[in-house]
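The values are calculated or read from the model by the stated rules, or taken from the named source; none is laboratory data. Small disclaimer: the values here were computed from a predicted structure and weren't measured. We place every Cβ from the backbone using ideal geometry, glycine too, and count neighbours over all the protein chains shown. The protein model used for the area step is the full one, side chains on, heavy atoms only, and it has no ligands, DNA or RNA in it. Shrake-Rupley method; radii C 1.70, N 1.55, O 1.52, S 1.80 Å.
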Amino acid sequence: QAKSEGRDAYRIFTAAMDETVKVRSTIEEELRLALVTGSDLRLFYQPQVDVDGQSIIGLEALVRWHHPTRGMIAPHQFIAIAEETGLISSLGEWVLRQACLASKRWPDLTIAVNLSPVQFRSSGLAEQLIGIVREAGADPRRIEFEITESLLLDDSDLSRCALKTLRQEGFKIALDDFGTGYSSLSYLRRFEVDKIKIDRSFVQHLGQQDESMAIVTAIVTLCRAMGLTVTAEGVETEDQKRFLSQTGCSEMQGFLFSHALPEEQIEDLLISLRDRLGSQGNATLASYASGG
Ligand code: C2E
Ligand code: MG
Ligand code: MG
Ligand code: MG
């Protein structure tokens, strides 16, 4: 009895597995096609602000996939598939090309582009990225690559070399989701990065959790001592904003200021954000947060 139940459970399990595999390979094929045509992929932009300097410093480029039948597919659903299938390289190239156009459109802003650790596994990544930016006629100093801690943990010469080449070309490097990986602070010394982005998970509990406040304070102090820029991700409330600003972190990104928006809406947003950052009033910017 127990044995046959076990077998049934196993059968159901493998059926579900087969289904998952099927969906994944369908998504893989469709993503491949989307990359060839480029039509269902879109790049959204989320503003990065300097609350104390009362200015907009940059935009983070975040990819979106509007699937004709499945609807909107979030990055966390397809980036992993792109990484496993090697499609991440073409996706990364496509994203960077779009980001270069955006950077020419807003020459006073930095455009942040996410890079997957998988992209660093192929040799010649730096040269490839440099080629794309040169071809587009964009200024490398206006482009910031966001990498994750896991890349630095690999400790491979390949990624270290690529990062060095990119910095020499004038690109900035930011360490994304800081604090979530298996952090060893020593790599901050070994790898050259310009900026640390404090992960949303710490920002979320500011004002409620002593640990989060202690961690954020420590990160900000460390960054300042090392001459690194520090940005807070996922700022959603005025309280979080106030705490960060008082702690010495004035660069922020989050729904309090704006969701990620399509290019057409960014121009209007920039104008209203500028007004509001500069104004003395305490108007919340959340009314501009739509879509995302
Ligand atoms: P990320 O690079 O850490 O990007 C920040 C994510 O947090 C974005 O989600 C953004 O929409 C979301 N976010 C921003 N502010 C807030 C906030 O105040 N509250 C909350 N709850 N969320 C906020 P998104 O666009 O879904 O992207 C998820 C992840 O997918 C990104 O995390 C990044 O790791 C990856 N990703 C997105 N675009 C690309 C890309 O072009 N290439 C690569 N390799 N990865 C990408
Ligand atoms: Mg990012
Ligand atoms: Mg992040
Ligand atoms: Mg994050």
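If only the Cβ of Lys and Arg carry +1 and only the Cβ of Asp and Glu carry -1, the dipole of region 1-71 around its Cα centre is close to 380 debye. Only Lys, Arg, Asp and Glu carry charge here, each on its Cβ (+1 for the first two, -1 for the last two); on that basis the chain has a dipole of about 300 debye about its Cα centre. A Förster distance of 45 Å, applied to the separation of the beta-carbon atoms of K22 and L158, puts the FRET efficiency at 0.85. Each principal axis of the Cα cloud of region 106-146 was taken in turn, and the coordinate range along them, longest first, works out to 32, 20, 11 Å.
The mean sequence separation of alpha-carbon pairs under 8 Å and at least six residues apart, normalised by the residue count of the chain, gives a relative contact order of 17 percent. Computed from backbone phi, the HN-Hα couplings of region 69-77 come to 10, 7, x, 6, 9, 6, x, 5, 7 Hz, rounded to whole numbers (Karplus: 6.51 cos²θ - 1.76 cosθ + 1.60, θ = phi - 60°; Gly and Pro given as x). Taking amide H atoms as placed 1.01 Å from N in the peptide plane, the amide H of A112 lies under 5 Å from those of L59, E60, A61, E144, each 5 or more residues away in sequence or on another chain. Backbone N atoms of region 19-41 closer than 16 Å to the 7 Å Cα→Cβ label point of Q77 belong to residues 20-32, 34, 40-41. For the chain, adding -39500 (n - 2.57) for each run of n ≥ 4 DSSP H residues and dividing by the number of residues yields -16000 deg cm²/dmol at 222 nm. A 1.4 Å probe run over region 88-191, with the rest of the protein chains in place, finds 45 Å² accessible per residue. Distances between placed amide hydrogens fall under 5 Å for D177 paired with K197, all partners being 5 or more residues away or on another chain. PRE reach from R70 (point 7 Å along Cα→Cβ): which of region 22-53 fall under 14 Å by backbone N? Residues 22-35, 40-41 fall inside that zone. Across region 246-251, coupling constants 3J(HN,Hα) worked out from phi with the 6.51/-1.76/1.60 Karplus curve, θ = phi - 60°, read 5, 6, x, 10, 9, 8 Hz, and Gly and Pro carry x.
Counting only protein heavy atoms, what percent of the accessible surface of region 161-238 is carbon or sulfur at a 1.4 Å probe? Could the numbers behind the result be given before it?
On the way: 1870 of 3800 Å².
The C+S portion of the solvent-accessible surface of region 161-238 is 49 percent.
When the P(r) of the chain is calculated, the portion above 31 Å amounts to 34% of the C-alpha pairs.
Quick one: putting +1 on the C-beta of Lys and Arg, -1 on the C-beta of Asp and Glu, what dipole do you get for region 177-249 around its Cα centre, in Debye to the nearest 20?
Once rounded to the nearest 20, the dipole reads 300 debye.
The simple Förster model, with R0 at 22 Å and r as the Cβ-Cβ distance, assigns M213 and T180 a FRET efficiency of 0.80.
Taking K and R as +1 and D and E as -1, what net charge do the other residues with C-beta under 10 Å from the C-beta of A82 add up to? Net local charge, A82 excluded: -2. Across region 39-47, coupling constants 3J(HN,Hα) worked out from phi with the 6.51/-1.76/1.60 Karplus curve, θ = phi - 60°, read 7, 8, 8, 9, 9, 9, 10, 10, x Hz, and Gly and Pro carry x.
Lys-Lys pairs in the chain that are eight or more residues apart or on separate chains and whose Cα atoms lie under 18 Å of each other come to 6.
Taking the Cα centroid of region 178-246 and of region 71-150, what is the distance between the two, rounded to the nearest whole Å? The distance from the Cα centre of region 178-246 to that of region 71-150 comes to 24 Å. Projected onto planes of every orientation and averaged, the convex hull of the alpha-carbon atoms in region 31-120 covers 6.7 nm².
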